[in-house]
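Following: one structure in structure tokens, then a few remarks.
Readers should treat all values here as calculations from the given coordinates under stated rules, not as data from a laboratory. Just so we're clear, the structure is a prediction, and the values are computed from it rather than from any experiment. Cβ: placed from backbone, ideal geometry, glycine included. Neighbour counts: every protein chain shown.
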Amino acid sequence: MVSTAKSWLNADLRDRCVTRDLAWGITVPREGFDGKVFYVWFDAPIGYIAATQEWADAAPGRDWRQWWWQADEVSYIQFLGKDNIPFHTVSFPATLLGSGEPWKTADVIKGFHWLNYEGGKFSTSRKRGIFTDAALEELPADLWRWWLIANAPESADTDFSVARFVADVNKDLADIFGNLANRIISFAHRGFGGRIPRGGAPGDAEQKLAHDLEQRVAALHRHHTALEFRAASAATRAIWDSANAYLQHTAPWTAIKSDPDRAAVVTRVGLNLVALCATLAWSIVPSLSERVLGAFGRNDALPRWPNGPLLPLLDDGAGTPVASFGPLVDKISPEKADHLTNRFGA
């Protein structure tokens, strides 16, 4: 993105027309410009400001100026495809600066390469590719959100394929995250009456787990802050893996007969791990995360990010009921995969 903007500044910066001879568009309100309209990339970004004015006019107490006029306290981030980068990094900022007025310009511009479909471009005319309205008719939004963020075309084009989508969703959401939640919550109902159990105290394994997770959570926060979407999803998945590995190693379902106090500790930590994993994943898969957190009676609109030492958090909530639920994510069947392929014209 930076190299694209610099290429315009260093090698391609020249006077450019802001009008076009077209039958459609915003007409130029100036004598002698009959039949001319504004070039869309001169005019369209002004719509950001105009849309905010329209939003402010729709309800009392709203002031569009606080977002755009001398708005030094506003953090302004744009997300763009790579073909739009020159207009948002050079031409539109030049329009704002050239006005001599205190308009807010973008602080961060996050550019993306192309998302392709099965080796070629998306095409509405050829009905080739999956578009949002049709995607949501087929599968829940969180499944699409997960794949698109985990495979965001940040440094190069990304090719979507139904086979790859199905494999990733089934593994990451069903086998890793879904299995983590279902396994320990189901066990808590079998072994501890559906509540976070009391008894016992965390040991070395829990100390080590908490320390490891603190490092991982800090790294995840850095990725989110830096808008590194692929890295953030990978770090989220790694935390799910760490939680699964802890439960696999400590196996409370095995320990409950020989050492019930130890089984109680591991189950308590495991349940809190599930809630932690859901909290950390909320920005990517909000519906799945809310379903998990709802089982713990946590219905906050925005889950609180964990700060500070994690061991007290993982050892918390003894006696709290935890609701059971079926599979968190149903695997996409081969028949469904074939249907997606046939519908969307691969």
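The table below gives the values:
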| read-out | value |
| --- | --- |
| Relative contact order %, the range 1-89, counting alpha carbon pairs below 8 Å whose residues are six or more apart | 26 |
| Cβ crowding within 10 Å averaged over residues, with 3-10, 221-228 ranked highest first | 221-228, 3-10 |
| GNM result for the chain, Cα springs below 10 Å: residue of 322, 166, 40 fluctuating most strongly | 40 |
| Rounded to whole Hz, the Karplus (6.51, -1.76, 1.60) HN-Hα couplings of the range 52-64, x for glycine and proline | 5, 4, 5, 4, 5, 5, 7, 8, x, x, 8, 10, 5 |
| Inter-part distance where the range 53-132 and the range 245-323 are each reduced to a Cα centre, Å | 39 |
| Highest average packing first - 124-131, 168-175, Cβ atoms within 10 Å | 168-175, 124-131 |
| Overall dimensions of the range 123-346 as given by Cα atoms, namely Rg and Dmax in Å | 18.9, 66 |
| Theoretical gain in end-to-end length, residue 159 to residue 259 [0.36 nm per residue, Cα-Cα removed] | 31.0 nm |
| Subset of 127/336; 171/257; 36/121; 82/336 violating a 26 Å alpha-carbon distance limit | 171/257; 36/121; 82/336 |
| Computed lengthening from residue 125 to residue 6, 0.36 nm per intervening residue step minus Cα-Cα distance | 39.4 nm |
| Amide H partners (placed H, <5 Å) of residue 110, local residues excluded | 78, 79, 80 |
| Amide H contacts under 5 Å for residue 117, placed H, 5+ residues apart | 122, 160 |
| Backbone HN-Hα couplings from phi across the range 278-291 [Karplus 6.51/-1.76/1.60, Hz, Gly and Pro as x] | 5, 4, 5, 8, 4, 5, 9, 10, x, 5, 5, 5, 5, 5 |
| Over the chain, relative contact order from alpha-carbon pairs under 8 Å, at least 6 apart, % | 17 |
| In Hz, Karplus ³J(HN,Hα) per residue of the range 300-309 (6.51, -1.76, 1.60; θ = phi - 60°; x = Gly, Pro) | 5, 4, 10, x, 7, 5, x, 10, x, x |
